[in-house]
1. Kindly list the number of the only condition in (1) part of a helix (DSSP H, G or I); (2) in contact with a Leu (Cβ under 7 Å, 6 or more places away or on another chain) that fails for Leu150.
2. Of all residues being closer than 30 Å to Arg77 by Cα and touching an Asp or Glu at 6+ places or on another chain (Cβ under 6 Å) in the stretch 272-296, which is modelled with the lowest pLDDT? Just the residue, please.
3. Quick one: which residue in Ser100, Ser138, Ser84 is in contact with a helix residue (DSSP H, G or I) (Cβ under 9 Å, 6 or more places away or on another chain), closer than 27 Å to Gln240 by Cβ and either at pLDDT 95 or above or exposed (fewer than 14 other Cβ atoms within 10 Å of the Cβ) (or both)?
4. Need the failing condition index for Gln23 against (1) in contact with a helix residue (DSSP H, G or I) (Cβ under 8 Å, 6 or more places away or on another chain); (2) modelled with pLDDT of 95 or more, just the number.
5. Evaluate the stretch 156-179: report whether one residue or more is outside the structural domain of Glu290 (by TED's automatic domain parsing), closer than 30 Å to Thr288 by Cβ, exposed (fewer than 14 other Cβ atoms within 10 Å of the Cβ) and among the small types (Gly, Ala, Ser).
6. Any idea how many residues of the stretch 151-195 are among the aliphatic types (A, V, I, L, M), over 29 Å from Ala43 (Cβ atoms) and modelled with pLDDT under 95?
7. Exactly one condition in (1) of a type in the set (A, V, I, L, M, F, W, C); (2) surrounded by 14 or more Cβ atoms within 10 Å (Cβ to Cβ); (3) touching a helix residue (DSSP H, G or I) at 6+ places or on another chain (Cβ under 7 Å) is not met by Leu207; state its number.
8. Of the conditions (1) outside any loop (DSSP other than H, G, I, E, B); (2) without any contact (Cβ under 8 Å) to a residue 40 or more places away in the chain; (3) more than 19 Å from Asn144 (Cα to Cα), Leu268 satisfies every one except a single condition; which number is it?
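The values are calculated or read from the model by the stated rules, or taken from the named source; none is laboratory data. This structure is a prediction, so every number in the text was calculated from the model and none was measured. Methodologically, a virtual Cβ is constructed for each residue, glycine included, from the backbone with ideal geometry; neighbour enumeration extends over all protein chains shown.
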Amino acid sequence: MRKIIHIDMDAFYASVEQRDDPQLRGKAVIVAWRGKRSVVCAASYEARSFGVRSAMPAVRAERLCPQAIFVAPDFTRYRAVSLSVREIFKRHTDLIEPLSLDEAYLDVTENKTGLSTATLVARTIREQIRQELNLTASAGVAPNKFLAKLASDWRKPDGLFVIRPEGIDAFLLPLPVGRLPGVGKVTGEKLGKLGIQTVRDLRSVDLPTLEHQFGSYGRRLHELAHGIDDSAVVPDRPTQSISVEDTFEQDVLLAETEPIIRRLAERLWSASRKESRTARTVVLKIKTSEFKVLTRSHTPGLPPSSCDELTDIALRLRERVALGPQQRYRLVGVGLSNFREPEQDAAQAALFE
C-alpha cells in the first residue's frame, strides 16, 4: 500500500507578497492585474473572508472587498520560491509530481530520511517550509493521490489531515459528490436528478448504471466512490496541455461568446505562468447545443507573449467557426498545447531576429 502526501501551499502568491512586504501582513491582498478583463490569481485569507476567490473577475473581487490591496503578480519570484519548496521535498523522496507552482504529490512509501511514518514526513516538511521559507503549507496523507488531495484541503490553512486505510469510509461516505474530482456543476446537477447527493448515495449505484449515464467517466465515479485510485506519483511529468472552459446556463449565439472568451483567456494566461515551459499552440473549443464539439487551433511563429495576444488569437479562431449565425452553443473553452522548453523558444526566436 502506498503512502502519499499532497502538499498545498497556503494562498501561495498572496503569502509570498505578504512575507516580502511587511506592510501587507494581516491585510486583504489580491494578486491580480487591474482592469475589467483581469481575474484574481490569488487572494490572501483576509480577502477570502469577504468571498474573494481565485479565477474570479478582478472587478467583482474589488466590489466584494473594496479595501483590498491589489498587487500585480510576479511569477518569476513565485517560481523561485517554488523551487526552494521543491528542494525541501527532495530531502525526503525523489518521487515528486508537481501539479503547479504551489502543490505537489509525494510518494513516501519509502522515504530518504528514515522517518517512521508518512505523517511524520508531512509534519517535518511543513515545519521546514515554515522555518526556512517563512511560509505555511497544508498537507494531506492517505493511501492514494485522490484521498491525499482531499485531505490536504480539510484543515486549510496551515493544517495536516491524515486518512488511514481503516478510516477511508468514515471520511469519504458523508462527503457531497461535488467534492469528487471531475464533478462540476453540470455533472453535479445530473447526479442530483438521479437522487445522488453524497458519496454514500453514489456508492449504492451499480457500475453498469453509472456507465450508462456518464459513459467512460461512470467507471471513474464508481472507483472514487469506493476510495480507489491506482495512479502512481509520476516525477516531473511534462505538461502536454492546459485549458479552461465554461458551460453556459443557457445556450448562446457565437456573437455573444466574446466576453466569455476574454475571461477564459485571462484565466488561462494566469495558469500558464505557473509552467516552466511555454506553449506554442492556442486552441479554441466550442460545443453546440446538440453536443457537437468543434476545435480550432493556431500555432504562431512565436508563442503568445501576453494575455492580450492570447485573447486576440482565441477570438480570431472563433471566426473560423462557421455553422450559421443562429446556431447556439452550450460551452466554450480556450487551451494551450505544444509546450516547449525555454531554450527551444530562444532558438526559434533567433530565426526571426
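1. (2)
2. Per the stated criteria, the residue is Arg277.
3. Exactly one residue qualifies, and that residue is Ser84.
4. (1)
5. Taking every residue of the stretch 156-179 in turn, none turns out to be outside the structural domain of Glu290 (by TED's automatic domain parsing), closer than 30 Å to Thr288 by Cβ, exposed (fewer than 14 other Cβ atoms within 10 Å of the Cβ) and among the small types (Gly, Ala, Ser).
6. Result for the stretch 151-195: 2.
7. (2)
8. Here Leu268 clears every test but (2).
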